[in-house]
Each structure stands twice: as structure tokens, then as C-alpha cells.
1. If you check ASN240 against the conditions, is it under 27 Å from THR139 (Cβ atoms), polar (S, T, N, Q), out of contact with any strand residue (DSSP E or B) (no Cβ under 6 Å at 6 or more places or on another chain) and exposed (fewer than 13 other Cβ atoms within 10 Å of the Cβ)?
2. Based on this model, can you work out whether HIS30 counts as part of a loop (DSSP other than H, G, I, E, B) and surrounded by 11 or more Cβ atoms within 10 Å (Cβ to Cβ)?
3. For residues that are in a loop (DSSP other than H, G, I, E, B) and among the hydrophobic types (A, V, I, L, M, F, W, C), scanning just the range 191-217, find the one that is farthest from the chain's Cα centre (by Cα).
4. Just to be sure I understand, how many residues within the range 212-237 are within 14 Å of ASN254 (Cβ to Cβ) and loosely packed, with under 10 Cβ neighbours inside 10 Å?
5. How many of the residues making up the range 14-36 are under 16 Å from LEU157 (Cα atoms) and among the hydrophobic types (A, V, I, L, M, F, W, C)?
6. Looking at the range 64-182, what helices (runs of 4 or more DSSP H) fall wholly within it and have at least 1 residues that are at pLDDT 80 or above and in contact with a strand residue (DSSP E or B) (Cβ under 6 Å, 6 or more places away or on another chain)?
Amino acid sequence: MLFLATAHRYGHDRLAPVARALLAGVGIDHLSFRERQDEEVLERVVMEMVAAPTSQVDLVKALVQAADLGIDSLEIRTEEIPPEVQERIARVLRAMEDGDDDTSVEAPALRDVVVFKHRGPNGDTFDLPVSWESSGTVTWLTTAWHALDALRNGTMLLVDELDASLHPALARYVVELFINSEMNTRGAQLIFSSHDTTLLNNSPVRLLDPRQVWFAEKDASGISELFSLDDFDNRAGNNNERRYLAGAFGAVPNIDDRLLQTFLSAPREFEGLDNG
């Protein structure tokens, strides 16, 4: 059995509360790949940023400038909801109350929308809605805000595919935030999955300690085995990215393209037919 599971089972004085907190998800925030690219999630995140303490007034601007997104600032504007949309909302609200279509229900007439102000030539700015922003922008702002929230509260952040839609430099920066003792003063933790092999290299310095890196390797039946980079030779000068790509640690896909070659080399059904 797992160590914490055993402690929980037998009610260990110090470890059982830790196990119960993990089971309850206390102090743990999970950020999935889909959530990080969801425009509605980003809108909620921006609302949280705006509602943050006054000491973080410039937080949004700091985030977009750190990533060099070409965004000058963010704004929340109030706009009128089209009448046809208001009617649809009203019908849904009536159905939720008692199902009586004759019930008088007033739908909201206004809504808040997030607008990005971009820098243009000659210092001019232009506005873009969230739906026009790239997936990289949406992913960065959502991920960065959750990371800062974890750092501020000393909690644990779980991120699925940290590198998805993020430049390697930005993925590395998120990891550095948690490693930097001046940024991470409350013992926050980041656990993430990634296919970004650059996180293993030594440029400009080694980012992750070998005991912080775990590989997942599937067997023929699809069962995954976890093992640590700390199980291997880890001299200071080793380039672990190059070693991993060369197969020194395993946990690389076994690409079998024989069926694809057969498919691509087979004659097409219309070959040999004339144009008539």
C-alpha cells in the first residue's frame, strides 16, 4: 500500500490529516488542458484579476508584458445583450423555476465583456475581443494567473500538459516561478505533465533536479510505469534532453509505421483510369 494510504488507514497522528486533506482536495487546484484554452475560463480569470487586492492593480499588465504578447492592457466593458438572446435566457430561467412559460421572468439586459487593447504602429492601439485572441494568449493568461494564485496562497497547482500552446520559454518561466525562493515564499508546489524536452537541458542552467523529473512509460497492454530521472547517472555536465531523445531513459514512443507505409504504397483506386 502507499505510505500515506497506510497512515490514513491506521490514523497516524501527523500523517492522517495530510492524507485526509489530499483526499478532500484542500489546497489543490487542478488546471486541465481544455480549461486553459477555454475563453469562458479566461473571462472568469480576468474578472478575478480585476477584483484582486489593490496591491495587484498592475498584475494584468505585468502578465501580458512578461509574455511579450503585444497587448497593452485589458478592459472589462459593459454591453447590451441582444433582445433575442435575452428572450432565450428568460425561457431558460422560467423552465428552471416552475416550467410555466407564462411566468414573468426578467433576463439581464447587460453583460460584462473582456477586451484586449493591442499596440499598433505609431503608438496607436486597437481592440480585440477574447474570441479573436490566439490560443497561446488564452493559455498563458489562464495558466499564469493560477500559478500566481498558488504562489500567493502556498497551495499546490496541478497542470495537464503545461507546454501545450505555450512557447518553451514561457513554460520554463512558470516552472522557474515555483523554484525561485524569492517568488515562492509560502512553499507552493507545481506538479505538471509535459512533452517539452527542453525542460531537461542545461541551457542556460539545469532547471530541474533529477529527483523532480518522473517518466511515464507504457507497456504493450497500455499500463504506465513511473520512474525517476534520479535512478540514472546524473553528473552535472550531462545533457539530459539529448540523452532522453536518444532513448537513454526510455519513456519514448515506439513508432511503428509499417501499416502506414503499406497504405501509402498501395495503388489508388482511380489510378489507370483515363480522364474520360
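The values are calculated or read from the model by the stated rules, or taken from the named source; none is laboratory data. The structure presented is a predicted model; accordingly, all values stated were derived computationally and were not measured. Here the Cβ positions follow ideal geometry from the backbone for every residue, glycine too, while neighbour counts run over all protein chains shown.
1. The answer is no for ASN240.
2. For HIS30, the condition - part of a loop (DSSP other than H, G, I, E, B) and surrounded by 11 or more Cβ atoms within 10 Å (Cβ to Cβ) - is not met.
3. By that ranking, first place goes to VAL205.
4. 4
5. So the answer is 8.
6. Of the helices (runs of 4 or more DSSP H) lying wholly inside the range 64-182, those with at least 1 residues that are at pLDDT 80 or above and in contact with a strand residue (DSSP E or B) (Cβ under 6 Å, 6 or more places away or on another chain) span 135-153, 168-179.
Yes/no matrix, rows are residues, columns are (1) closer than 30 Å to ALA251 by Cα; (2) surrounded by fewer than 19 Cβ atoms within 10 Å (Cβ to Cβ); (3) polar (S, T, N, Q):
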position: ARG91; (1), (2), (3): no, yes, no
position: ASP112; (1), (2), (3): no, yes, no
position: PRO121; (1), (2), (3): no, yes, no
position: PHE126; (1), (2), (3): no, yes, no
position: TRP140; (1), (2), (3): yes, no, no
position: LEU151; (1), (2), (3): no, no, no
position: ALA169; (1), (2), (3): yes, yes, no
position: MET183; (1), (2), (3): no, yes, no
position: LEU190; (1), (2), (3): yes, no, no
